[in-house]
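Asks: If you scroll down you'll find the structure; I have some questions about it.
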Amino acid sequence: MLLAWVCPGAGHIFLGHTKRGAGVCAGVLGLFVFGLFLAGPTAVDSGLFFHNLVKRWTGGPNTTFDTAPEGDPIWFAGTAFVGPIALAVDYHHQFNLKQPAERNTSGGVARRSPRPFPSAGPDGSTIAPAYSRALGRVAEIGVLSCTLAGMLNLIAIIDAAHHHRAPRRRREGGSA
Amino acid sequence: MSTLLPALLAWRPFLDPIDIHTGWYVLLVPLALFIAIAYKAVRTKNMDRYYREVGVMTVQIIALMIGLAAASFLIVEVFARAAE
């Protein structure tokens with residue numbers, strides 16, 4: 001089950017069902033990459049909800065929390081089943097692509113997506129924003145695609161947990 | 001083309017969203033195909049018929065979506081207007 005989560009299809013391949021595993025891998029990763037291709041990083045946006053959940057459990061009473069109000073934690077809960085690749089994309093989105101905007105009530109920083117137009121650099125050159133936030137139908141379909149990838153991988157994880165190891169093929173004409 | 005070219009040149013894959021807001025319904029086709037690939041890999045009993053079943057499921061999803069769109073259109077635009 002863990003293998004099936006770490007890499008979609010790896011659970012089936014480990015059990016000897018190579019073709020099934022390849023199909024799951026192609027379908028799940030295909031949907032995930034398709035969603036990212038359509039909507040960009042907007043398709044995977046936890047809004048730091050799960051990051052703060054872990055911080056709340058492990059941190060002390062004076063812990064400050066960064067927030068990202070534009071995020072979609074409910075949709076991300078489905079996307080997280082794609083595996084560590086989804087968590088890595090979300091981490092990159094939250095901490096490398098979003099920018100600190102204003103102070104929030106916990107003393108942390110609210111991180112927001114950059115403004116969608118070029119800004120002037122210190123030497124007068126124009127700097128493009130780190131990314132453009134998707135809106136409308138494209139954003140909807142991108143998020144839907146990534147979450148569907150996670151849900152389909154959840155089906156594959158459950159299926160891998162109930163599958164038995166595939167019997168090895170006998171050599172033709174030989175004994176077992 | 002003159003308005004499309006600057007947008008294409010400025011577009012950065014995986015960072016900027018695709019400008020396909022007018023033809024978004026075309027995206028249903030790859031979406032249905034990927035869903036069928038992953039779902040049939042798990043559910044197919046005989047993997048020799050895998051590709052055929054993926055094709056059938058893709059067509060089924062697209063046909064059902066078109067049917068649902070047509071039904072929604074009829075309810076909203078015909079029956080609801082007739083009841084006004």
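Asks: Is it the case that the stretch B:60-71 has a residue that's open to solvent by less than 30 Å² (accessible area, probe 1.4 Å) and out of contact with any Asp or Glu (no Cβ under 9 Å at 6 or more places or on another chain)? Steps first, answer last, please.
Replies: Of the stretch B:60-71, the ones open to solvent by less than 30 Å² (accessible area, probe 1.4 Å) are none.
Looking through the stretch B:60-71, none of the residues is open to solvent by less than 30 Å² (accessible area, probe 1.4 Å) and out of contact with any Asp or Glu (no Cβ under 9 Å at 6 or more places or on another chain).
Asks: Out of A:Arg165, A:Arg111, A:Arg103, A:Arg115, report the one residue that is in contact with an Asp or Glu (Cβ under 8 Å, 6 or more places away or on another chain) and of a type outside the set (Val, Ile, Thr).
Replies: A:Arg111
Asks: Can you find, within the stretch A:1-14, the residue that is nearest to the other protein chains (Cβ to nearest Cβ) among those that are closer than 15 Å to A:Ala80 by Cβ and surrounded by 24 or more Cβ atoms within 10 Å (Cβ to Cβ)?
Replies: Per the stated criteria, the residue is A:Pro8.
For (1) surrounded by 13 or more Cβ atoms within 10 Å (Cβ to Cβ); (2) modelled with pLDDT of 95 or more, each residue gets a yes or a no:
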position: A:Gln94; (1), (2): yes, no
position: A:Glu102; (1), (2): no, no
position: A:Leu148; (1), (2): yes, yes
position: A:Arg171; (1), (2): no, no
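Asks: Sticking with this structure for a sec: Can you spot a residue in the stretch B:37-50 that is part of a helix (DSSP H, G or I), more than 10 Å from every other protein chain (Cβ to nearest Cβ), open to solvent by less than 50 Å² (accessible area, probe 1.4 Å) and of a type outside the set (Lys, Arg)?
Replies: No: the stretch B:37-50 contains no residue that is part of a helix (DSSP H, G or I), more than 10 Å from every other protein chain (Cβ to nearest Cβ), open to solvent by less than 50 Å² (accessible area, probe 1.4 Å) and of a type outside the set (Lys, Arg).
Asks: Can you tell me how many residues in the stretch A:133-170 are more than 10 Å from chain B (Cβ to nearest Cβ) and of a type in the set (S, T, N, Q)?
Replies: 1
Asks: Then there's this: When you look at B:Tyr39, is it modelled with pLDDT under 95, under 26 Å from A:Ala149 (Cβ atoms) and of a type outside the set (Lys, Arg), yes or no?
Replies: Numbers: modelled with pLDDT under 95: no; under 26 Å from A:Ala149 (Cβ atoms): yes; of a type outside the set (Lys, Arg): yes.
In short, no.
Asks: Identify, please: which residue in the stretch A:15-29 is more than 8 Å from every other protein chain (Cβ to nearest Cβ), in contact (Cβ under 8 Å) with a residue 40 or more places away in the chain and in contact with a helix residue (DSSP H, G or I) (Cβ under 9 Å, 6 or more places away or on another chain) and is, among those, surrounded by the fewest Cβ atoms within 10 Å (Cβ to Cβ)?
Replies: In this case the residue turns out to be A:Leu15.
The values are calculated or read from the model by the stated rules, or taken from the named source; none is laboratory data. Everything numeric in this text was worked out from a predicted model, so none of it was measured. Cβ coordinates were reconstructed from backbone atoms using ideal geometry, including for glycine residues, and neighbour counts include every protein chain displayed. Ligands, DNA and RNA are stripped out before the accessible areas are found, and what is left, the full protein with its side chains, is counted by its heavy atoms. Shrake-Rupley method; radii C 1.70, N 1.55, O 1.52, S 1.80 Å.
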